[in-house]
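Data first, discussion second: the structure below is written as structure tokens.
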Amino acid sequence: MPRLKIEDLQKIKEKHKAEFTLREGGYRAKITVHMGTCGIAAGARDVMTALMDEISGANVTDVIVTTSGCAGLCAREPLATVEIMNSPPVKYCDINGEKIREIFKEHILGGNPVEKYALVVGSETTY
Amino acid sequence: MEKFRANLMLCAGTGCVASGTMKVKAALVEELRKRGLESEIKVVLTGCNGYCAEGPVMAVYPDEVFYQKLTADEIPKLVEEHFLKGRPYEKLMFKEPEKKAAIPAMKEIPFFKHQVLRVLRNKGLIDPEKIEEYIARDGYQPAARALTQMTAEEIIQVVKDSGLRGRGGAGFPTGVKWDFASKVQSDIKFMLCNGDEGDPGAFMDRSVMEADPHSVIEGMIIGAKAIGSNKGYIYVRAEYPLAVKRLQLAIDQCYEAGLLGKNILDSSFNFDVEIYQGAGAFVCGEETALMRSIEGKRGMPRPRPPFPAQKGLWDKPSVLNNVETLAQIAPIILNGAEWYRSLGTEKSTGTKVFALTGAVNNVGLVEVPMGIPLRTIIYDIGGGIRKGRKFKAVQLGGPSGGCIPESLLYTPVTYEDIIATGAIVGSGGMVVMDDNTCMVGTAKFFLEFTADESCGKCPPCRVGTKILLDMLTDIAEGRGKEGDIETLEDLARDIIATSLCGLGQTAPNPILTTIRYFKDEYESHIKDRWCKAGVCRDLTMFWIDEKLCKGCGACLRACPSKAIMGEKKKPHKIIQELCVHCRSCYETCKFKSIKILPAGYEGDPYELAGAAEEAKKGEA
Ligand SMILES: Cc1cc2nc3c(=O)[nH]c(=O)nc-3n(C[C@H](O)[C@H](O)[C@H](O)COP(=O)(O)O)c2cc1C
Ligand code: FES
């Protein structure tokens, strides 16, 4: 590490923001990819990979991704739930890598739920 | 920067490493790689998480799921369930002793729920070997502020206003100590850190040095500026190799980043820090002895005054602060004195870390606001007494402290209230004892320690602790005499009044408090040759109550010296000549049919038992 100036302290903090959002909480948006056996069989892994790729590309620090078990709607897997703080969660169904990229841009970054892929709006929140 | 969807904070503190963290880590890394998750999930090694008894432990973020007692064998299943399928793995979660339900979230677990983390603010949240992670949690911002925007007087004022008192044992106000040293004129002054941690069973300071070494260094930088020192030493015992390693790494990183050395953060302030490894003598934790030790001389105390603030290390003005005291400094500078005072009481502000051990369900490191009752720590955080036994006493302050009985469990943990009980807050050792503990034996244990660790310079301590120990040994072995209790008390007071340093001045405390609260136990040792807890071998006789014995044979099998005989389903008997007083039968019997009688008792045991019952009823 080179010699630090005072401004560098803040810069280092910013640089690690994403990681500490994970550890400390205080995120703006949370995406849950349902990864039951059914989800994985239907391609949930591709969804996850595409999502992680989008997040890295967009360089956002306040979005977290988690997984959960089967959502009980195996026929419509892969499923993902998007929760933006203070607005109702949206469940998306029959998604794939392409669709999640679109959802990420429109809903997470843009703030507009992608209605054509949405299954329901306003089920239980998890935060 | 790479993005991960989850961080696995695996504890690599001394406790967890001893119970297998490194194997678990290897298995985790391997399994994540196999499943193609290594670019999504990151494993981070942290310092002690405080929950050492259940180690190796791991916290999963962002889910905040807490796993304990991990083994390498369980890792494949855990990775598959939690990280692939998104189902937290219940088997390795915390369960409350009496209940079956698993508690996944760390903040719901009683052990963590009641704690307030200031000193341990980064515990389990950062990798202690990465300075960037410390900085990401606001690290070195306070130092930057202290060096570039505050005068020495301003720093001292904030620390004074915060009410912070030394956490090394004596509880002296830190700001006042800094003020003394800052006012002394001298071209050379020293800022010292006490990481000797000599109290048996204490591990607060070790955990801080291991889990967050930069918090200690930052406190030293701020203190150095306040008193006008350019050179510091961290005194750590060589028995703490991991602490030494992490501190050294942290110091090296600071030099590289320009946080130590010349012209720190372009403030024109210079400060160097070195580690000095001590050989682990208890007395070297005492400030004047510690300074002699750093000078390369034999670690022995000298009379004060002159106080170290005038003449300390190499006779230069010096300030010595405890590890935990220093770790409190940065947040005080960052958040202000009012924030610090918002917890605790008027005279005992902020938080204190305790090493909770002994007969409680949850053993570990806990940080709580000062002023909370002892009971809350023992029952709510500690989860009560192990195996459903009865609480007897809690020992505070180690060899300089004392035992507090059940009747005083509501005592708030403040410097003043604890001293009123005869114990001291001390550095934070808290040993909980159940009804299987003999209080004479407890006092003897601590006296063995102090008599052994006395440096020998002053006779009251050197000779006095030895005489106290010999008397306690006599009492425990059945040679106690009428009048011994009074002699012990007398001698104890003389040693306190005349010893040179804190070691001798506090060594009698364990005796005085046990006599104060458990005098009847001393009396029954001396008069009846009866150690009711069944610990002192020469003062006990184990006996089977035939009315309660079911003849299950458990004691017979447990006895290592074949001293128990009896037929199945018929009451058993102990052959006293063969009994070695190992307590195995006593611990084994499910029907509480084994009783402890005075040594060589020849009367009717039922009469004695009856009298004991009566006495108990009378108490209740
Ligand atoms: C026998 C003896 C042993 C001590 N051991 C320690 C120790 O291990 N760690 C410590 O911080 N203070 C220890 N102290 C207290 C120190 O002398 C000193 O008061 C303390 O380090 C000052 O720091 P503080 O004001 O931050 O508490 C000991 C004192 C005595 C008399
Ligand atoms: S060493 Fe892991 S919790 Fe203490």
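The values are calculated or read from the model by the stated rules, or taken from the named source; none is laboratory data. Fair warning: this is a prediction, and the values are worked out from it, not measured in the lab. Reconstructed Cβ throughout: ideal geometry from the backbone, glycine too, with neighbour counts over all protein chains shown. Just the protein is used for accessible areas: all its heavy atoms, side chains included, with ligands, DNA and RNA removed. Shrake-Rupley method; radii C 1.70, N 1.55, O 1.52, S 1.80 Å.
Taking a ≥ b ≥ c as the square roots of the eigenvalues of the alpha-carbon gyration tensor, segment B:325-483 is classed oblate because a/c is 1.5 or more while a/b is no larger than b/c. When you restrict to C-alpha pairs under 8 Å that are six or more residues apart and normalise by the size of chain B, the relative contact order lands at 11 percent.
Within segment A:39-61, the residues that become at least 50 Å² less accessible when every protein chain is included than when their own chain is isolated (1.4 Å probe; DNA, RNA and ligands ignored) are A:Arg45, A:Met52. If R0 is 35 Å, the Cβ-Cβ spacing of B:Ile188 and B:Asp161 corresponds to a FRET efficiency of close to 0.75. When restricted to Cα atoms, segment B:6-108 yields an Rg and a Dmax of 12.6, 40 Å, respectively. If you average the alpha carbon positions of segment B:127-166 and of segment A:17-96, how far apart do those two centres end up, in angstrom? Centre-to-centre (Cα) distance: 39 Å. With all protein chains in place and a 1.4 Å probe, the accessible surface of segment B:473-620 carries 52 percent carbon and sulfur.
In chain B, the longest principal axis of the Cα atoms and the axis of helix B:484-498 are about 10 degrees apart. To put it simply, the accessible area of segment B:203-251 at a 1.4 Å probe is 60 percent carbon and sulfur. For the pair B:Lys23 and B:Thr498, a Förster radius of 51 Å applied to the C-beta separation gives a FRET efficiency near 0.40, rounded to the nearest 0.05.
Database remark: amide H of A:Val65 closer than 5 angstrom to the amide H of A:Ile31 (H placed geometrically; neighbours at sequence offset of 5 or more, or on other chains; Pro and chain starts carry no H). Qualifying GluC sites (Glu not before Pro) in segment B:41-108, where qualification requires a DSSP coil assignment and no more than 12 other C-beta atoms within 10 Å, comprise B:Glu98.
Taken along the Cα-to-beta-carbon direction at a fixed 7 Å, the label points for B:Gln248 and A:Thr49 span 4.4 nm. Buried area at the A:B interface is about 3500 square angstrom, summed over both chains, from accessible surfaces computed with a 1.4 angstrom probe. The accessible-area loss of segment B:1-48 on complex formation, taken against its chain alone with a 1.4 Å probe, reaches 30 Å² or more at B:Met1, B:Lys3, B:Arg5, B:Asn7, B:Glu40. Its residue count N sets the reference 2.2 N^0.38 Å, and the alpha-carbon radius of gyration of segment B:439-528 equals 1.00 times that reference. Once backbone amide H atoms are built at 1.01 Å from N, B:Arg167 has B:Asn322, B:Thr325 as its partners under 5 Å, excluding neighbours fewer than 5 places away on the same chain. Dividing the C-alpha radius of gyration of segment B:303-400 by 2.2 N^0.38 Å, with N its residue count, gives 1.43.
Here the calculated FRET efficiency for B:Glu577 and B:Thr376, from their Cβ-Cβ distance with R0 = 45 Å, stands at 0.40, rounded to the nearest 0.05. Between segment B:1-28 and segment B:533-562, the C-alpha centres lie 46 angstrom from each other. Straight-line reach from B:Lys297: taking Cα to Cα under 18 Å and skipping same-chain neighbours fewer than 8 places apart, the aspartates and glutamates in range are B:Asp196, B:Glu274, B:Glu286, B:Glu287, B:Asp315, B:Glu453. Full extension of the chain between B:Glu96 and B:Thr148 yields a length gain of 13.8 nm, computed as 0.36 nm times the residue separation minus the alpha carbon distance.
Taking one equal scatterer on every alpha-carbon of chain B, how large is log10 of I(q)/I(0) by Debye at q = 0.06, 0.09, 0.11 1/Å? At q = 0.06, 0.09, 0.11 Å⁻¹ the computed log10 ratios are -0.37, -0.81, -1.12.
Here chain A has 52 percent of its accessible surface on carbon and sulfur atoms, given a 1.4 Å probe and all protein chains in place. A crude spin-label estimate for the pair A:Ala75 and B:Lys262, with each label 7 Å from Cα along the Cβ direction, gives 7.7 nm.
Taking 1.567 mPa s as the viscosity and 4 °C as the temperature, the Stokes-Einstein diffusion coefficient of segment B:131-341 based on its alpha-carbon Kirkwood radius rounds to 77 µm²/s. In terms of overall dimensions, the protein assembly as shown has a Cα radius of gyration and Dmax of 29.9, 92 angstrom. Taking Cα atoms, how many degrees apart are the long axis of helix B:241-257 and the longest axis of chain B, rounded to 10 and kept between 0 and 90? Tilt relative to chain B: about 10 degrees.
Counting only DSSP beta bridges with both residues in the protein assembly as shown, the antiparallel share comes to about 60 percent.
The HN-Hα couplings worked out from phi for segment B:507-522 by the Karplus form 6.51 cos²θ - 1.76 cosθ + 1.60 (θ = phi - 60°) are 3, x, 3, x, 6, 4, 6, 5, 5, 4, 9, 10, 4, 4, 6, 4 Hz, whole numbers, x standing for Gly and Pro.
Within segment B:351-434, the ratio Rg/Rh, alpha carbon atoms throughout and Rh by Kirkwood, equals 0.91. Sequence-ordered 3J(HN,Hα) estimates for segment B:420-433 from the Karplus curve with 6.51, -1.76 and 1.60 and θ = phi - 60° stand at 4, 7, x, 8, 9, 5, x, 8, x, x, 9, 9, 8, 10 Hz, glycine and proline given as x. To the nearest ten degrees, helix B:605-619 and the longest principal axis of the Cα atoms of chain B are 50 degrees apart.
Projecting the Cα atoms of A:Ala18, A:Thr81, A:Val63 onto the dipole axis of segment A:6-121, where Lys and Arg carry +1 and Asp and Glu carry -1 at the beta carbon, places A:Thr81 farthest toward the positive end. Over chain A, the hull volume per residue, using the convex hull of the C-alpha atoms, is 120 Å³.
In terms of accessible area, using a 1.4 Å probe and ignoring ligands and nucleic acids, B:Asp315, B:Asp127 rank largest first as B:Asp315, B:Asp127. Computed with a 1.4 Å probe over protein heavy atoms only, the accessible surface of the protein assembly as shown comes to 41 Å² per residue. The distance between label points at A:Glu106 and B:Ser407 comes to 7.5 nm (points 7 Å beyond Cα on the Cα→Cβ vector).
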